[in-house]
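As C-alpha coordinates, the structure follows; a few thoughts come after it.
The values are calculated or read from the model by the stated rules, or taken from the named source; none is laboratory data. Keep in mind it's a predicted model, so treat the numbers as computed, not measured. Every residue, glycine among them, receives a Cβ derived from its backbone with ideal geometry; neighbour counts consider all protein chains shown. The area values use the complete protein model at the heavy-atom level, side chains included, leaving out ligands, DNA and RNA. Shrake-Rupley method; radii C 1.70, N 1.55, O 1.52, S 1.80 Å.
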Amino acid sequence: MTARVTLDSVTLTVLCENTVGRSPGLIGEWGLSVWIEAGDRCVLLDAGEAAACVGNAAKLGVDLARAEAVVVSHGHFNHTGGLARALPLMPKARIYLHEDASLHRYATVSDIQVNPDNLPDIGMPEASRAALASRGVVTADGPLEVVPGVWVTGPIPREEAVEGRGGSGWLDRARTRPDTIRDDMAVWIETAAGVLVVLGCAHAGLINTVRLVQRHAEGAPIVGVVGGTHLRQTSAERMKTTLGFLGSLALQLLAPCHCTGAPEAFELRKAFPRQFTGMTVGDVIHFPA
(Lines give C-alpha, C1' and ligand atoms only; values in the text may rest on other atoms or scores of the structure.)
Protein backbone atom coordinates (compact mmCIF):
# COMPACT_ATOMS: atom_id res chain seq x y z
CA MET A 1 0.00 0.00 0.00
CA THR A 2 1.32 3.45 -0.94
CA ALA A 3 2.17 5.68 2.03
CA ARG A 4 -0.15 8.62 2.61
CA VAL A 5 1.25 12.05 1.82
CA THR A 6 1.07 14.71 4.52
CA LEU A 7 1.65 18.25 3.31
CA ASP A 8 3.67 20.80 5.26
CA SER A 9 1.32 23.57 4.18
CA VAL A 10 -1.39 24.51 1.72
CA THR A 11 -2.54 27.78 0.17
CA LEU A 12 -6.12 28.54 -0.90
CA THR A 13 -6.93 31.46 -3.19
CA VAL A 14 -10.58 32.46 -3.62
CA LEU A 15 -11.23 33.02 -7.34
CA CYS A 16 -15.02 33.26 -7.10
CA GLU A 17 -17.40 34.01 -4.26
CA ASN A 18 -20.45 36.20 -3.70
CA THR A 19 -18.46 39.12 -2.34
CA VAL A 20 -15.21 40.88 -3.16
CA GLY A 21 -12.84 41.84 -0.38
CA ARG A 22 -10.36 44.69 -0.57
CA SER A 23 -8.64 43.60 -3.78
CA PRO A 24 -9.42 46.18 -6.52
CA GLY A 25 -10.52 45.17 -9.99
CA LEU A 26 -11.93 41.77 -9.06
CA ILE A 27 -15.53 40.64 -9.63
CA GLY A 28 -17.90 38.61 -7.49
CA GLU A 29 -20.51 36.06 -8.55
CA TRP A 30 -23.08 34.02 -6.64
CA GLY A 31 -20.97 30.88 -6.63
CA LEU A 32 -17.61 29.52 -5.60
CA SER A 33 -14.19 28.68 -7.04
CA VAL A 34 -11.11 27.93 -4.95
CA TRP A 35 -7.54 27.47 -6.20
CA ILE A 36 -5.64 24.99 -4.04
CA GLU A 37 -1.83 24.93 -3.99
CA ALA A 38 -0.58 21.80 -2.25
CA GLY A 39 3.18 22.01 -2.36
CA ASP A 40 3.99 22.21 -6.07
CA ARG A 41 0.68 20.59 -7.13
CA CYS A 42 -2.46 22.59 -7.97
CA VAL A 43 -6.16 21.77 -7.87
CA LEU A 44 -9.22 23.84 -8.83
CA LEU A 45 -12.38 23.28 -6.81
CA ASP A 46 -15.37 24.49 -8.87
CA ALA A 47 -15.36 27.30 -11.41
CA GLY A 48 -18.05 29.77 -10.32
CA GLU A 49 -21.00 30.97 -12.36
CA ALA A 50 -19.46 32.49 -15.47
CA ALA A 51 -16.47 34.82 -15.87
CA ALA A 52 -15.14 35.39 -12.35
CA CYS A 53 -12.94 32.31 -12.08
CA VAL A 54 -10.86 32.97 -15.20
CA GLY A 55 -10.91 36.76 -14.96
CA ASN A 56 -9.96 36.91 -11.30
CA ALA A 57 -7.30 34.23 -11.75
CA ALA A 58 -5.56 36.40 -14.34
CA LYS A 59 -5.71 39.48 -12.09
CA LEU A 60 -4.43 37.53 -9.08
CA GLY A 61 -1.54 35.96 -10.98
CA VAL A 62 -2.95 32.44 -10.74
CA ASP A 63 -1.78 30.30 -13.66
CA LEU A 64 -4.66 27.90 -14.31
CA ALA A 65 -2.46 25.88 -16.67
CA ARG A 66 -0.72 24.50 -13.57
CA ALA A 67 -3.88 22.65 -12.49
CA GLU A 68 -3.47 18.90 -12.38
CA ALA A 69 -7.02 18.27 -11.17
CA VAL A 70 -10.41 19.95 -11.29
CA VAL A 71 -12.98 18.87 -8.70
CA VAL A 72 -16.65 19.62 -9.40
CA SER A 73 -18.36 19.71 -6.01
CA HIS A 74 -21.84 19.41 -7.57
CA GLY A 75 -23.68 20.29 -10.75
CA HIS A 76 -25.36 23.63 -9.98
CA PHE A 77 -24.77 26.38 -12.55
CA ASN A 78 -23.03 28.69 -10.08
CA HIS A 79 -20.29 26.12 -9.45
CA THR A 80 -19.95 24.81 -13.02
CA GLY A 81 -20.76 27.75 -15.32
CA GLY A 82 -17.14 28.88 -15.43
CA LEU A 83 -15.90 25.50 -16.66
CA ALA A 84 -16.51 26.44 -20.29
CA ARG A 85 -13.91 29.21 -20.01
CA ALA A 86 -11.59 27.55 -17.52
CA LEU A 87 -11.13 24.03 -18.89
CA PRO A 88 -9.39 25.08 -22.15
CA LEU A 89 -6.80 26.86 -19.97
CA MET A 90 -6.09 23.68 -17.98
CA PRO A 91 -4.98 21.15 -20.61
CA LYS A 92 -3.32 18.68 -18.23
CA ALA A 93 -6.02 18.67 -15.54
CA ARG A 94 -8.07 15.56 -14.83
CA ILE A 95 -11.69 16.31 -13.95
CA TYR A 96 -13.32 14.61 -10.98
CA LEU A 97 -17.09 14.64 -10.54
CA HIS A 98 -20.08 12.54 -9.53
CA GLU A 99 -22.07 10.87 -12.28
CA ASP A 100 -25.11 13.06 -11.47
CA ALA A 101 -23.25 16.36 -11.88
CA SER A 102 -24.57 16.96 -15.40
CA LEU A 103 -28.24 16.30 -14.61
CA HIS A 104 -30.85 18.90 -15.47
CA ARG A 105 -32.34 20.30 -12.27
CA TYR A 106 -34.96 22.92 -11.53
CA ALA A 107 -35.48 25.65 -8.96
CA THR A 108 -38.54 25.75 -6.73
CA VAL A 109 -41.03 28.57 -7.09
CA SER A 110 -40.05 29.86 -3.66
CA ASP A 111 -36.44 30.17 -4.83
CA ILE A 112 -37.20 32.04 -8.06
CA GLN A 113 -40.60 33.61 -8.66
CA VAL A 114 -41.57 32.36 -12.12
CA ASN A 115 -44.33 30.44 -13.80
CA PRO A 116 -44.40 27.08 -11.98
CA ASP A 117 -44.83 25.34 -15.34
CA ASN A 118 -41.61 26.86 -16.64
CA LEU A 119 -39.13 26.40 -13.82
CA PRO A 120 -35.59 27.44 -14.80
CA ASP A 121 -32.87 24.84 -15.21
CA ILE A 122 -30.30 25.56 -12.48
CA GLY A 123 -28.04 22.68 -13.46
CA MET A 124 -24.79 22.74 -15.38
CA PRO A 125 -24.95 25.08 -18.41
CA GLU A 126 -24.79 23.48 -21.86
CA ALA A 127 -21.46 25.14 -22.66
CA SER A 128 -19.92 23.51 -19.61
CA ARG A 129 -21.42 20.13 -20.52
CA ALA A 130 -19.83 20.47 -23.95
CA ALA A 131 -16.47 21.40 -22.44
CA LEU A 132 -16.57 18.32 -20.21
CA ALA A 133 -17.61 16.09 -23.10
CA SER A 134 -14.37 16.93 -24.89
CA ARG A 135 -12.27 15.84 -21.91
CA GLY A 136 -11.73 12.65 -19.99
CA VAL A 137 -13.43 12.70 -16.61
CA VAL A 138 -13.03 10.54 -13.53
CA THR A 139 -16.26 9.48 -11.84
CA ALA A 140 -15.72 9.80 -8.10
CA ASP A 141 -17.86 7.03 -6.63
CA GLY A 142 -15.77 7.00 -3.44
CA PRO A 143 -12.84 8.82 -1.85
CA LEU A 144 -9.99 9.45 -4.31
CA GLU A 145 -6.63 11.16 -3.98
CA VAL A 146 -6.50 13.69 -6.83
CA VAL A 147 -2.94 14.88 -6.16
CA PRO A 148 -0.72 13.79 -3.26
CA GLY A 149 -2.35 14.88 -0.01
CA VAL A 150 -5.54 16.23 -1.62
CA TRP A 151 -8.64 14.03 -1.69
CA VAL A 152 -12.18 14.21 -3.04
CA THR A 153 -14.83 12.60 -0.85
CA GLY A 154 -17.03 11.02 -3.48
CA PRO A 155 -20.74 10.83 -2.54
CA ILE A 156 -21.55 11.64 1.08
CA PRO A 157 -23.96 9.50 3.14
CA ARG A 158 -26.89 11.43 4.61
CA GLU A 159 -26.83 10.29 8.23
CA GLU A 160 -27.61 13.45 10.25
CA ALA A 161 -31.40 13.92 10.08
CA VAL A 162 -31.32 17.61 11.00
CA GLU A 163 -29.34 18.39 7.84
CA GLY A 164 -32.28 17.43 5.59
CA ARG A 165 -32.29 16.24 2.00
CA GLY A 166 -29.81 18.76 0.71
CA GLY A 167 -31.95 21.22 -1.22
CA SER A 168 -35.40 22.27 -2.30
CA GLY A 169 -35.13 21.75 -6.06
CA TRP A 170 -36.43 19.13 -8.46
CA LEU A 171 -35.14 16.84 -11.18
CA ASP A 172 -38.19 17.49 -13.36
CA ARG A 173 -40.32 20.53 -14.12
CA ALA A 174 -43.44 18.64 -13.01
CA ARG A 175 -41.92 18.59 -9.50
CA THR A 176 -42.44 14.87 -8.96
CA ARG A 177 -38.76 13.96 -8.35
CA PRO A 178 -37.07 15.86 -5.49
CA ASP A 179 -33.44 16.71 -6.10
CA THR A 180 -31.39 15.41 -3.17
CA ILE A 181 -28.20 16.60 -4.91
CA ARG A 182 -26.56 13.17 -4.66
CA ASP A 183 -23.58 14.58 -6.54
CA ASP A 184 -22.51 16.85 -3.67
CA MET A 185 -18.86 16.23 -2.77
CA ALA A 186 -16.07 18.03 -0.92
CA VAL A 187 -12.28 18.07 -0.78
CA TRP A 188 -10.04 17.31 2.15
CA ILE A 189 -6.35 18.08 2.48
CA GLU A 190 -3.98 16.18 4.77
CA THR A 191 -1.43 18.50 6.38
CA ALA A 192 1.11 18.13 9.15
CA ALA A 193 -1.22 20.15 11.41
CA GLY A 194 -4.25 17.97 10.65
CA VAL A 195 -7.00 17.75 8.05
CA LEU A 196 -8.47 20.77 6.25
CA VAL A 197 -11.95 20.23 4.76
CA VAL A 198 -12.90 22.43 1.79
CA LEU A 199 -16.64 22.53 1.07
CA GLY A 200 -18.26 23.50 -2.21
CA CYS A 201 -21.82 23.97 -0.93
CA ALA A 202 -22.26 21.17 1.64
CA HIS A 203 -25.68 20.20 0.30
CA ALA A 204 -25.02 16.82 1.93
CA GLY A 205 -24.54 18.65 5.23
CA LEU A 206 -21.45 19.96 6.94
CA ILE A 207 -21.69 17.33 9.68
CA ASN A 208 -22.23 14.47 7.23
CA THR A 209 -19.29 15.66 5.15
CA VAL A 210 -16.85 15.99 8.02
CA ARG A 211 -17.89 12.63 9.47
CA LEU A 212 -17.10 10.95 6.15
CA VAL A 213 -13.69 12.60 6.10
CA GLN A 214 -13.07 11.49 9.69
CA ARG A 215 -13.68 7.88 8.67
CA HIS A 216 -11.10 8.06 5.87
CA ALA A 217 -8.41 10.33 7.32
CA GLU A 218 -6.79 7.56 9.38
CA GLY A 219 -7.30 9.25 12.74
CA ALA A 220 -5.91 12.66 11.82
CA PRO A 221 -7.80 15.49 13.55
CA ILE A 222 -10.09 17.81 11.58
CA VAL A 223 -8.48 21.19 12.21
CA GLY A 224 -10.03 23.35 9.48
CA VAL A 225 -13.38 23.76 7.71
CA VAL A 226 -13.73 26.31 4.90
CA GLY A 227 -16.15 27.02 2.06
CA GLY A 228 -19.90 26.96 1.53
CA THR A 229 -21.78 25.48 4.50
CA HIS A 230 -25.36 25.66 3.15
CA LEU A 231 -26.61 27.11 6.44
CA ARG A 232 -28.38 30.12 4.93
CA GLN A 233 -31.88 30.46 6.45
CA THR A 234 -31.44 27.19 8.33
CA SER A 235 -33.39 26.17 11.41
CA ALA A 236 -32.33 27.03 14.95
CA GLU A 237 -32.11 23.29 15.66
CA ARG A 238 -29.72 22.66 12.79
CA MET A 239 -27.56 25.63 13.71
CA LYS A 240 -27.36 24.48 17.33
CA THR A 241 -26.42 20.95 16.22
CA THR A 242 -23.80 22.30 13.80
CA LEU A 243 -22.23 24.53 16.43
CA GLY A 244 -22.05 21.62 18.85
CA PHE A 245 -20.43 19.40 16.25
CA LEU A 246 -17.86 22.02 15.27
CA GLY A 247 -17.11 22.52 18.95
CA SER A 248 -16.19 18.85 19.19
CA LEU A 249 -13.40 19.30 16.63
CA ALA A 250 -9.89 20.60 17.24
CA LEU A 251 -10.54 23.57 14.95
CA GLN A 252 -7.78 26.01 14.11
CA LEU A 253 -9.52 27.55 11.09
CA LEU A 254 -13.17 28.20 10.23
CA ALA A 255 -13.84 30.17 7.04
CA PRO A 256 -17.49 29.91 5.93
CA CYS A 257 -18.63 31.64 2.76
CA HIS A 258 -21.02 31.61 -0.22
CA CYS A 259 -24.20 29.78 0.85
CA THR A 260 -23.62 30.22 4.58
CA GLY A 261 -25.74 33.35 5.03
CA ALA A 262 -24.76 36.52 6.88
CA PRO A 263 -26.69 35.88 10.14
CA GLU A 264 -25.43 32.31 10.21
CA ALA A 265 -21.85 33.42 9.59
CA PHE A 266 -22.23 35.83 12.51
CA GLU A 267 -23.31 32.93 14.74
CA LEU A 268 -20.28 30.94 13.65
CA ARG A 269 -17.98 33.87 14.30
CA LYS A 270 -19.49 34.45 17.75
CA ALA A 271 -18.98 30.78 18.65
CA PHE A 272 -15.45 30.51 17.21
CA PRO A 273 -13.90 33.99 17.31
CA ARG A 274 -10.26 32.80 17.31
CA GLN A 275 -10.70 30.33 14.47
CA PHE A 276 -12.99 32.43 12.25
CA THR A 277 -11.74 34.24 9.16
CA GLY A 278 -13.41 35.77 6.12
CA MET A 279 -13.39 34.15 2.70
CA THR A 280 -14.17 36.54 -0.15
CA VAL A 281 -12.87 36.97 -3.70
CA GLY A 282 -9.15 37.66 -3.65
CA ASP A 283 -8.56 36.27 -0.17
CA VAL A 284 -5.54 34.01 0.24
CA ILE A 285 -5.58 31.53 3.11
CA HIS A 286 -2.34 29.91 4.19
CA PHE A 287 -2.68 26.81 6.32
CA PRO A 288 -1.19 26.38 8.81
CA ALA A 289 -1.08 30.16 9.19
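At-a-glance table
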read-out: Spin-label pair Asp141/Leu243, simplified geometry with 7 Å Cα→Cβ offset, distance in nm; value: 4.2 nm
read-out: Solvent-accessible surface (1.4 angstrom probe) belonging to Val70, in square angstrom, nearest 10; value: 0 Å²
read-out: ³J(HN,Hα) computed for each position of segment 248-259 - Karplus, 6.51 cos²θ - 1.76 cosθ + 1.60, integer Hz, glycine/proline x; value: 7, 8, 8, 5, 10, 9, 9, 9, x, 7, 6, 8
read-out: q = 0.15 Å⁻¹: log10 I(q)/I(0) that the Debye formula gives for the chain, counting C-alpha atoms only; value: -1.14
read-out: Calculated FRET efficiency for the pair Ala236/Ala289, C-beta based, R₀ 30 Å, to 0.05; value: 0.40
read-out: Theoretical gain in end-to-end length, Ser9 to Ser134 [0.36 nm per residue, Cα-Cα removed]; value: 41.6 nm
read-out: Nearby lysines by direct alpha-carbon distance to Lys92 (threshold 23 angstrom, same-chain neighbours under 8 apart not counted); value: Lys59
read-out: Heavy-atom accessible area order for Phe77, Phe245, largest first, 1.4 Å probe; value: Phe77, Phe245
read-out: For Val146, distant residues with modelled amide H under 5 Å away; value: Trp151, Val152
read-out: Counted charge near Leu7, where neighbours are those whose Cβ lies closer than 13 Å (Asp, Glu -1; Lys, Arg +1); value: -3
read-out: Carbon + sulfur, % of accessible area of the chain - ligands and nucleic acids excluded, 1.4 Å; value: 52 percent
read-out: Heavy-atom surface of the chain, accessible at 1.4 Å and reported per residue (Å²); value: 41 Å²
read-out: Extension gain from Asn118 to Lys59, taking 0.36 nm per residue of separation minus the Cα-Cα distance; value: 17.4 nm
read-out: Choice from Pro256, Pro178, Pro125 with maximal GNM fluctuation in the chain (Cα, 10 Å cutoff); value: Pro178
